[in-house]
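For reference, the structure is listed below as structure tokens.
The values are calculated or read from the model by the stated rules, or taken from the named source; none is laboratory data. In this text the structure is predicted, and so the values were computed from the model without any measurement. Cβ placement follows ideal geometry from the backbone for every residue including glycine, while neighbour counts extend to all protein chains displayed.
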Amino acid sequence: MLELNVILRYAPLILSGFSNTLIMTVSGVMLGLALGAASAFAEILGPRPLQVVTSTVTHILRGIPLLVLLLLVFYGLPLLGLQLPPLPTAVLAIGVRSGAYQSQILRSAIEAVGSAQLEAAYASGMDKLTAFRSVVLPQALRLSLPGLVNEFTIVLKDTSMAYVIGVTEMFTQAIHVAQVTLDYLAPLTLTALVYLLTCLTVSIVANRLYRRLSIPGLGTGVT
Amino acid sequence: MKEVLRVVDLRKRFGGKEVVRGVTLTVREGETKVVIGPSGAGKSTLLRCINLLLRPDSGKVFLDGEEITAPGVDPVKVRQRVGFVFQSFNLFLHMTALENVLIVLTKVKKLPIHEALRVAKEALQSVGIGEEHWGKYPAQLSGGQQQRVAIARALAMEPRIILLDEPTSALDPELIVEVMQVLENLSKRGVTMLVVTHELGFAAKVADSVAFMDNGQVIEEGPPEEILLNPRNPRVASFITRLWELYDIKDALASRER
């Protein structure tokens, strides 16, 4: 049976972890977007050696489970002389991994923008970077919005793995409550509901955003 | 008249096929030169080599006497002095008509915004795009309007020469007229242009000289009345005769202002 009184009593404690969940999600996705845009640019327009390096790094990052990556970063950074608290460590690992995925989302969107737009930008006298920033990226971002929103909800749920390196986020709090009350079902159900509601809210907001950013003749993937 | 563009023995190869096979031509200041010829003759490739969107394999291109194909010349800087108009318009799809012109002025010419706005509006007006269209996105404009915005975008940069790659080939017949009218006005204003087109009527009415290209080479060049009425080369003659059946060149020549 679901113990309602456990939920009510410990809800504030569990929810107190939500702020760290959000911090990790938002900063992870933003870091990922910056890294993803940079590596998509490098992979498409960069010199050949840079293309190879970027492609290799994104393959590696996409091939390692986040749980393993979190632990690797947490125990690996000190060996490199960098001692970070758990929260920034988690943001770093989550952001870097999300960057690898976002670079692929952006890359396919950039390819969908098409070479004619890039050619027109060059023909107008723009250099590579200006053409990318002013012409390709704004269109690619619109095309990739559905993919990026999806990535946001994935990262949101994946932040629960920061539990293993001791970040006091929502899932960590739920587990602590469970270990004290010996009731796992109630706190985890509450946690699941909060993740679910957050994801639903994000997709509702995203749909509004698609509409606001939509431009006639340019697909934004309104769902 | 001063020479703006000189192309010398230009060659470009794609894989095993040499598409441009030693083209030499010049365009003088204020001149409208029209390049005609069958599809696959290498006309578009020639234009793309001139503004360095493509690197020629050999040969030289001079802009205002400076060799722009020389090593160390920045193609970005060259393209800021050479306008280009595409067959399929290639407007920036996420920008309004006005923004399409503004962006090159602010990001490339680095004009302050108020100055850029003035120049952009002037350019749009000059191609007959009125204020009511400035806030429209490319998808909300007709093909003819899109192409005129594209011409305004090229024009606003005040290039030394504008290269036009079949600017009306993607347009319905009635829209061809409005774009051709704009080009005719530019020609009268003394804008230097190199136009690849199948519109012999335009060549007859507006061109100062016509070059006929086939199989990667300019095989005949001269004033329009010569190339369009009395071509010496039999290949040119047969091409023109066939098109003659489509367009009434004599009428256009007769209406030509001398």
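At a glance:
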quantity	calculated
Helices (runs of 4 or more DSSP H) completely within the range A:104-223 that count 1 or more residues being under 23 Å from B:K107 (Cβ atoms) and touching a helix residue (DSSP H, G or I) at 6+ places or on another chain (Cβ under 7 Å)	A:115-123, A:137-158, A:185-213
Residue in the range B:2-9 that is β-branched (V, I, T) and not in a strand (DSSP E or B) present	no
All helices (runs of 4 or more DSSP H) inside the range B:69-184 with 1 or more residues being more than 9 Å from chain A (Cβ to nearest Cβ)	B:97-103, B:113-126, B:143-156
Test set (1) farther than 19 Å from B:S187 by Cα; (2) within 14 Å of the chain's Cα centre (by Cα); (3) polar (S, T, N, Q) - B:T32 fails condition number	(1)
Exclusive hit being touching a Lys or Arg at 6+ places or on another chain (Cβ under 7 Å) and within 14 Å of chain B (Cβ to nearest Cβ), set A:S214, A:S124	A:S124
Residues being under 13 Å from the mean Cα position of the chain (by Cα) and without any contact (Cβ under 8 Å) to a residue 60 or more places away in the chain - total across the range B:153-178	1
Single match in B:L98, B:L124, B:L91, B:L111 (criterion: more than 21 Å from the chain's Cα centre (by Cα) and in contact (Cβ under 8 Å) with a residue 12 or more places away in the chain)	B:L98
Matching entry among B:K2, B:K12, B:K33 (being out of contact with any Leu (no Cβ under 9 Å at 6 or more places or on another chain), basic (K, R) and over 20 Å from B:K77 (Cβ atoms))	B:K2
Output for the range B:55-68, where each listed residue is surrounded by 16 or more Cβ atoms within 10 Å (Cβ to Cβ), away from chain A (no Cβ under 14 Å) and either within 20 Å of A:S124 (Cα to Cα) or polar (S, T, N, Q) (or both)	B:P56, B:V61, B:F62
Residue that is nearest to B:V236 (Cα to Cα) [pool: residues in the range B:192-206 that are in a loop (DSSP other than H, G, I, E, B) and either among the acidic types (D, E) or modelled with pLDDT of 95 or more (or both)]	B:E199
Verdict on B:L10 being within 13 Å of chain A (Cβ to nearest Cβ) and either within 20 Å of the chain's Cα centre (by Cα) or loosely packed, with under 15 Cβ neighbours inside 10 Å (or both)	no
A:T54 more than 15 Å from the chain's Cα centre (by Cα), assigned to a helix (DSSP H, G or I) and crowded, with 18+ Cβ neighbours inside 10 Å	yes
For A:R133: the one exception among (1) surrounded by 19 or more Cβ atoms within 10 Å (Cβ to Cβ); (2) within 14 Å of chain B (Cβ to nearest Cβ)	(1)
A:L67, sole failed condition from (1) surrounded by fewer than 19 Cβ atoms within 10 Å (Cβ to Cβ); (2) within 11 Å of the chain's Cα centre (by Cα); (3) closer than 17 Å to A:S160 by Cβ	(2)
Selection count, the range B:27-38, where residues are modelled with pLDDT under 95 and assigned to a strand (DSSP E or B)	1
Unmet criterion (only one of (1) aliphatic (A, V, I, L, M); (2) more than 20 Å from A:M161 (Cβ to Cβ); (3) not in a helix (DSSP H, G or I)) for A:L84	(2)
Hey, A:R142 surrounded by 20 or more Cβ atoms within 10 Å (Cβ to Cβ), within 14 Å of chain B (Cβ to nearest Cβ) and among the basic types (K, R) or not	yes
Hey, B:G59 assigned to a strand (DSSP E or B) and free of Cβ contacts under 8 Å to residues at least 60 places away in the same chain or not	yes
Some residue of the range B:41-54 being assigned to a loop (DSSP other than H, G, I, E, B), surrounded by fewer than 17 Cβ atoms within 10 Å (Cβ to Cβ) and more than 12 Å from chain A (Cβ to nearest Cβ)	no
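Okay, residues lined up against (1) away from chain B (no Cβ under 14 Å); (2) at positive phi; (3) among the small types (G, A, S):
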site	(1), (2), (3)
A:I64	yes, no, no
A:Y101	yes, no, no
A:A109	no, no, yes
A:L118	no, no, no
